[in-house]
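What follows is a short report on a single structure.
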Amino acid sequence: MKSLLVTLMFSVLTIAATAQIFTPVKWSTSLEKISDTEYAIQFVASIDAGWYVYSADMADDGPVPTTIDFDTADGYELVGELKETGKAKKGYDSVFEMDVTKYADKVTFTQTIKVDADLDEIEGYLSFMTCDDKRCLPPADVDFSFELE
């Protein structure tokens, strides 16, 4: 009887812990070769209904902007700004009490990079924040690592 009770309690705790993992944004990444020295790194966010991902261009006192950080120290340079493709919703956000730019449903962030001929891998992470109309989740990172041709 005691072992049944322990097993039941463990099962309930496991289910409760699993249920608390909530990810309203799913990310996919890809790398596209543009030329012998240039690549486009794409991050596509599929966003659950009612949730938003924020633009890379945000005021300092607002939500955490979407950014890409590279762990690779040398051998590359950014070409242009981080591009955002999606249906942007611009306007007043009641959570932050300010005007913001955010995306619902789906957004693609693309960064073009130029690499040295001897660079064979590029690594880093994308940081983002997601909120609905009443709450926000802590900022999260999406790691990436690509082998270069």
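Tabulated data
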read-out	value
The chain - accessible surface per residue (Å², probe 1.4 Å)	63
The chain - percent of accessible surface contributed by carbon and sulfur, probe 1.4 Å	52
The stretch 42-149: translational diffusion in µm²/s, Stokes-Einstein, Kirkwood Rh over Cα pairs, 25 °C, 0.890 mPa s	165
Accessible-area value, L78, 1.4 Å probe, nucleic acids and ligands omitted, Å²	90
Degrees separating the helix 2-19 axis from the principal Cα axis of the chain, which is the longest one	30
Proximal charge balance of D141 [Cβ under 13 Å; K/R count +1, D/E count -1]	-4
Aspartates and glutamates whose Cα lies under 16 Å from that of K106, excluding same-chain neighbours fewer than 8 positions away	D48, E84, D132
Computed [θ] at 222 nm, deg cm²/dmol, the chain (DSSP H ≥ 4; -39,500 (n - 2.57); rounded to nearest 500)	-4000 deg cm²/dmol
Exposure rank, largest accessible area first [K134, K102; 1.4 Å]	K134, K102
Of K33/K83; K89/K134; K83/K134, pairs whose Cα-Cα distance is over 23 Å	K83/K134
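The values are calculated or read from the model by the stated rules, or taken from the named source; none is laboratory data. A quick note: this is a predicted structure, and the numbers were derived from the prediction, not measured. Cβ coordinates were reconstructed from backbone atoms using ideal geometry, including for glycine residues, and neighbour counts include every protein chain displayed. Ligands, DNA and RNA are stripped out before the accessible areas are found, and what is left, the full protein with its side chains, is counted by its heavy atoms. Shrake-Rupley method; radii C 1.70, N 1.55, O 1.52, S 1.80 Å.
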